[in-house]
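Asks: Just passing along the structure, written as structure tokens.
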Amino acid sequence: MSILIYAETQNGSFSKSAFELASYARALANEMDTSVTAVAVKPTDPKAIELYGVNKVLQVNNPSLTTFNAKSYAEVISQAAQASNSSVVLLSTSADSKFLAPLLAIKLKASYASNVVALPMSLDPFVVKRTVFTNKAYGMTELSGDRRLISLSKNAFGLVEQAVSAEVEVFEPSISESTQSVTGVDKASDKVTIADAEVVVSAGRGLKGPENWGMIETLAEVLGAATACSKPVSDMGWRSHGEHVGQTGKPVAANLYIAIGISGAIQHLAGINSSKVKVVINTDPEAPFFKAADYGVVGDAFEVVPALIEKLKVFKSQNS
Amino acid sequence: MKILVCISHVPDTTSKINFKDNDTQFDTNGVQFIINPNDEFGLTRAMWFKEQQSATVDVITVGDVSVEPTLRKALAIGADKAFRVDMNPKDGFEVAKQLATIAQEEAYDLIIAGRESIDYNGGMVPGMLAELIGANFVNNCIKLTVEDNQISAEREIDGGKEILSTSFPLVIGGQKGLVEESDLRIPNMRGIMMARQKPLEVKEAIQTEVKTTTNKFEKPAPKGAITMVDKDNLDELIKLLHNEAKVI
Ligand SMILES: Cc1cc2nc3c(=O)[nH]c(=O)nc-3n(C[C@H](O)[C@H](O)[C@H](O)COP(=O)(O)OP(=O)(O)OC[C@H]3O[C@@H](n4cnc5c(N)ncnc54)[C@H](O)[C@@H]3O)c2cc1C
């Protein structure tokens, strides 16, 4: 018996979400008195994850897995779950993991709960807490059966080190032919993504036009942050759709979310309110965002943002 | 091309979310229901296939009679026929099982669903459906074209997009990008009149096992008070973010 995590890698290195999954799995394994197995595709340093309590790494090297394919990856994880006799399988909420999760649930005949935010509230019955109504509420979901699939919301559990010594085993699953293939990828490799970012700098219609985003990008750069925007900003084509956050855009679960010239409409807040700390900069002290934020500055973005950039640069040079 | 669009009937995005019966059930009192936004993008793309490439477009919802106005709205937007599977589903798996039954009976080429519904945010129905019927699957689909049976799809990935070549039968989990916000259609009077004549077939649900049940809800704890910082004292903001919030 074991708990299995699918540990995602980027260019061979484990992503932060893999370490977070491992931390969660370790805590759950302690409660269930079992071990943690990770399955990973071509990790360059498979033992790096032992720091977070993984006992065994199933290393998969099949050449056909070089580009992500949800079906093939679901096959890999499904076979790893069987090989490790895992009753609980854990995934992150990355775009790739959310893509493969429902395929995997059917393959494993598992019960599946997504967007889980904490360790199970009880093990028998097996009940997890998950976000519903786009972060406007939580639901307590009971998963039945003897195999359970959980996807853990980003940043919900955090990183907890509990070093063990991991055994690494090369795992060779059989992968069927696919009738679907990737023909191109368009991805800025030098930019922090909203999904991975610890800090997100987001701007809205208050910025008046796309030509004014220079200072937003600079602020993001100083903070090592990803940039995001409100829905009308992407609808008007000022920024790409990939930056649209909120109920109908991407969710944001960053440590710090800075909202500049965004009014704080309910649909916007729904998508970003699982971020830990929210800062709002807005000319209008009545803007609804001030009711949802932790820190607020009433002021003109065109004055506040450049000043903040200068002060942050000084701060960074003194604190690094 | 034979298309099925899966429509989820969800509370309007501005709805206040409340629960009743000791927090065991969503309180629909005073809530307006709409076509799930992700599904509406898909439905609108389906209309394009109908008008430009002579596709037929059916729509389906798994739900009790209260979802029918949402299906009628989809018919008014231009779908040809609607199915309602008569049941109150407990989770996404149950929905996917019901959809799979109809999908197999009707043998659709393309099934368009939304990447998630904004009520329970499961994000599992389209993928489960694809796997149950052995179809290809593209999630977070932001572009879809079909030319001489060559299907090209784009999928949003973290930090960019991916272009896929795929084949029928195909299920997609759609979202904005499939069409733009400005392409969305409000049903006109003629559409609404015509929708009344269009077939809305009620199907009996099949028996499925229950995988998950959610019968307790909770609202987030109320937020603490905001700390205001003067715009001329931004050093204070940096200090707070560093020492108090510990996020920079
Ligand atoms: C079905 C549906 C789904 C939706 N989904 C989403 C979603 O996912 N995400 C989303 O963001 N929205 C969503 N919306 C839209 C939402 O209702 C709001 O319209 C939108 O969030 C407003 O964007 P905004 O805050 O950028 O613009 P506005 O509401 O116009 O606010 C601009 C703000 O900028 C401030 N401002 C102006 N000038 C300055 C300045 N110089 N310096 C500082 N501040 C300034 C103003 O005081 C104002 O508060 C949705 C709406 C619907 C109907």
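The values are calculated or read from the model by the stated rules, or taken from the named source; none is laboratory data. Since the structure is predicted, the reported quantities are computational estimates derived from the model, not experimental observations. Reconstructed Cβ throughout: ideal geometry from the backbone, glycine too, with neighbour counts over all protein chains shown. When the accessible area is computed, the model is the full protein with side chains, heavy atoms only, and any ligands, DNA or RNA have been set aside. Shrake-Rupley method; radii C 1.70, N 1.55, O 1.52, S 1.80 Å.
Results for (1) within 27 Å of B:N121 (Cβ to Cβ); (2) surrounded by 13 or more Cβ atoms within 10 Å (Cβ to Cβ), shown as yes or no for each residue.
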| position | (1), (2) |
| --- | --- |
| B:G159 | yes, yes |
| B:G191 | no, yes |
| B:Q207 | yes, no |
| B:T213 | yes, yes |
| B:T227 | no, yes |
| B:L234 | no, yes |
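Asks: When residues of the stretch B:142-159 are filtered for being at pLDDT 95 or above, of a type outside the set (D, E) and touching a helix residue (DSSP H, G or I) at 6+ places or on another chain (Cβ under 8 Å), how many remain?
Replies: Total satisfying the criteria: 5.
Here is a yes/no grid of residues against (1) open to solvent by 40 Å² or more (accessible area, probe 1.4 Å); (2) at pLDDT 95 or above:
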site	(1), (2)
A:S202	no, yes
A:A220	no, yes
A:S234	no, yes
A:G237	yes, yes
A:S274	yes, no
A:E286	yes, yes
A:D294	no, yes
A:F302	yes, yes
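Asks: While we're here: If we scan the stretch A:90-104, do we find a residue that is more than 14 Å from chain B (Cβ to nearest Cβ) and out of contact with any Phe, Trp or Tyr (no Cβ under 7 Å at 6 or more places or on another chain)? Steps first, answer last, please.
Replies: Our first condition is that a residue be more than 14 Å from chain B (Cβ to nearest Cβ); within the stretch A:90-104, this holds for A:90.
Retained after the next criterion (residues that are out of contact with any Phe, Trp or Tyr (no Cβ under 7 Å at 6 or more places or on another chain)): none.
Within the stretch A:90-104, none of the residues are more than 14 Å from chain B (Cβ to nearest Cβ) and out of contact with any Phe, Trp or Tyr (no Cβ under 7 Å at 6 or more places or on another chain).
Asks: Something else now. Is it fair to say B:D183 is surrounded by fewer than 18 Cβ atoms within 10 Å (Cβ to Cβ) and either of a type in the set (G, A, S) or facing chain A (nearest Cβ under 7 Å) (or both)?
Replies: no
Asks: Quick check on the stretch A:274-302: of everything there that is part of a helix (DSSP H, G or I) and facing another protein chain (nearest Cβ under 7 Å), which residue is nearest to the chain's Cα centre (by Cα)?
Replies: Going residue by residue through the stretch A:274-302, those that are part of a helix (DSSP H, G or I) are A:289-292, A:301-302.
Okay, now just the ones that are also facing another protein chain (nearest Cβ under 7 Å), so A:290, A:292.
Values: A:F290: 26, A:A292: 22 Å.
Restricting to residues being part of a helix (DSSP H, G or I) and facing another protein chain (nearest Cβ under 7 Å), the top hit is A:A292.
Asks: Sticking with this one: Just one of (1) facing chain A (nearest Cβ under 7 Å); (2) in contact with a strand residue (DSSP E or B) (Cβ under 6 Å, 6 or more places away or on another chain); (3) open to solvent by less than 30 Å² (accessible area, probe 1.4 Å) trips up B:I172, so point out which.
Replies: Looking at each condition in turn, B:I172 falls short on (1).
Asks: Pairs under 8 Å by beta carbon, first residue of a type in the set (V, I, T) in the stretch A:102-115, partner open to solvent by 20 Å² or more (accessible area, probe 1.4 Å), six or more apart or different chains?
Replies: Every condition considered, the pairs that remain are A:I106/B:E131; A:I106/B:L132.
Asks: Also: Does B:I133 fit the bill of being modelled with pLDDT of 95 or more, more than 9 Å from chain A (Cβ to nearest Cβ), surrounded by fewer than 22 Cβ atoms within 10 Å (Cβ to Cβ) and touching a Pro at 6+ places or on another chain (Cβ under 9 Å)? So that I can check it myself, show each step before the final result.
Replies: Details: modelled with pLDDT of 95 or more: yes; more than 9 Å from chain A (Cβ to nearest Cβ): yes; surrounded by fewer than 22 Cβ atoms within 10 Å (Cβ to Cβ): yes; touching a Pro at 6+ places or on another chain (Cβ under 9 Å): yes.
Against the criterion (modelled with pLDDT of 95 or more, more than 9 Å from chain A (Cβ to nearest Cβ), surrounded by fewer than 22 Cβ atoms within 10 Å (Cβ to Cβ) and touching a Pro at 6+ places or on another chain (Cβ under 9 Å)), B:I133 qualifies.
Asks: For the stretch B:23-136, please list each of the helices (runs of 4 or more DSSP H) lying entirely inside it that holds at least 2 residues being more than 16 Å from the chain's Cα centre (by Cα) and farther than 30 Å from A:D235 by Cα. Before you say what the answer is, go through the steps one by one.
Replies: On the way: elements: B:37-53, B:68-77, B:92-106, B:125-133.
Qualifying helices (runs of 4 or more DSSP H): B:92-106, B:125-133.
Asks: Sticking with this one: Which residues, taken from the stretch B:39-64, are under 21 Å from B:G123 (Cα atoms) and of a type in the set (K, R)?
Replies: B:R45
Asks: Would you check which residues across the stretch B:196-241 are in a loop (DSSP other than H, G, I, E, B), among the basic types (K, R) and at the interface with chain A (Cβ under 8 Å from one of its Cβ atoms) and list them? Break it down into steps so the answer makes sense when it comes.
Replies: Pass one, the stretch B:196-241, residues in a loop (DSSP other than H, G, I, E, B): B:198-199, B:205-211, B:219-226, B:229-233.
Subset that is among the basic types (K, R): B:198, B:211, B:219, B:223, B:231.
Result: B:K211, B:K219, B:K223, B:K231.
Asks: While we're on this one: Pick from the stretch A:267-309 the residues that are among the aliphatic types (A, V, I, L, M) and near the ligand (Cβ under 7 Å from one of its atoms): which of them is nearest to A:T93 (Cα to Cα)? First the steps, then the outcome.
Replies: The initial filter retains those residues of the stretch A:267-309 that are among the aliphatic types (A, V, I, L, M), namely A:269-270, A:272, A:277, A:279-281, A:287, A:292-293, A:297-298, A:301, A:304-305, A:307-309.
Cutting the leftovers down to near the ligand (Cβ under 7 Å from one of its atoms) gives us A:281, A:287, A:301.
Details: A:I281: 29, A:A287: 31, A:A301: 33 Å.
Per the criteria, the residue is A:I281.
Asks: If the requirement is being more than 21 Å from the chain's Cα centre (by Cα), of a type in the set (V, I, T) and in a strand (DSSP E or B), which of these qualifies: B:I163, B:I142?
Replies: Details: B:I142 fails: more than 21 Å from the chain's Cα centre (by Cα).
Just one listed residue meets the conditions, B:I163.
Asks: For the stretch A:303-320, which positions are outside any helix (DSSP H, G or I) and more than 10 Å from chain B (Cβ to nearest Cβ)? Before you say what the answer is, go through the steps one by one.
Replies: Restricting attention to the stretch A:303-320, the residues satisfying the condition of being outside any helix (DSSP H, G or I) are A:319-320.
Within the stretch A:303-320, just A:S320 meets the criteria.
Asks: When only residues in the stretch A:224-257 that are of a type in the set (A, V, I, L, M) and over 18 Å from the mean Cα position of the chain (by Cα) count, which is farthest from the ligand (Cβ to nearest atom)? It would help to see each step written out before you state the result.
Replies: Our first condition is that a residue be of a type in the set (A, V, I, L, M); within the stretch A:224-257, this holds for A:225-226, A:228, A:233, A:236, A:245, A:252-254, A:256.
Going one step further and asking which of them are over 18 Å from the mean Cα position of the chain (by Cα), we end up with A:233, A:236.
On the way: A:V233: 6, A:M236: 10 Å.
Only one residue tops the list, namely A:M236.
Asks: Give the stretch A:193-204 a look and list any residue that's within 14 Å of chain B (Cβ to nearest Cβ) and either among the aliphatic types (A, V, I, L, M) or assigned to a helix (DSSP H, G or I) (or both), or say none.
Replies: Taking the stretch A:193-204 and keeping what is within 14 Å of chain B (Cβ to nearest Cβ), we get A:193-201.
A:I194, A:A195, A:A197, A:V199, A:V200, A:V201, listed by residue number.
Asks: When the stretch B:4-22 is examined, which residues are found to be away from the ligand (no atom under 16 Å from the Cβ) and either surrounded by fewer than 24 Cβ atoms within 10 Å (Cβ to Cβ) or in a loop (DSSP other than H, G, I, E, B) (or both)? Outline the logic, then answer.
Replies: Our first condition is that a residue be away from the ligand (no atom under 16 Å from the Cβ); within the stretch B:4-22, this holds for B:4-6, B:18-22.
Within the stretch B:4-22, B:N18, B:F19, B:K20, B:D21, B:N22 meet the criteria.
Asks: Next up: Report whether or not B:I112 is more than 14 Å from every other protein chain (Cβ to nearest Cβ) and within 16 Å of the ligand (Cβ to nearest atom). Even if it seems obvious, please write down each step before you answer.
Replies: Values: more than 14 Å from every other protein chain (Cβ to nearest Cβ): yes; within 16 Å of the ligand (Cβ to nearest atom): no.
Judged against the criteria, B:I112 is not a match.
Asks: A follow-up question, please. Restricted to the stretch B:41-86, and to residues that are among the hydrophobic types (A, V, I, L, M, F, W, C) and open to solvent by 30 Å² or more (accessible area, probe 1.4 Å), which residue is nearest to B:P187 (Cα to Cα)?
Replies: Here is the first cut: in the stretch B:41-86, the residues among the hydrophobic types (A, V, I, L, M, F, W, C) are B:41, B:43, B:46-49, B:55, B:57, B:59-60, B:62, B:65, B:67, B:71, B:74-77, B:79, B:82-83, B:85.
After this cut, where a residue has to be open to solvent by 30 Å² or more (accessible area, probe 1.4 Å) as well, the list is B:48, B:65.
Values: B:W48: 15, B:V65: 21 Å.
Taking the candidates together, the pick is B:W48.
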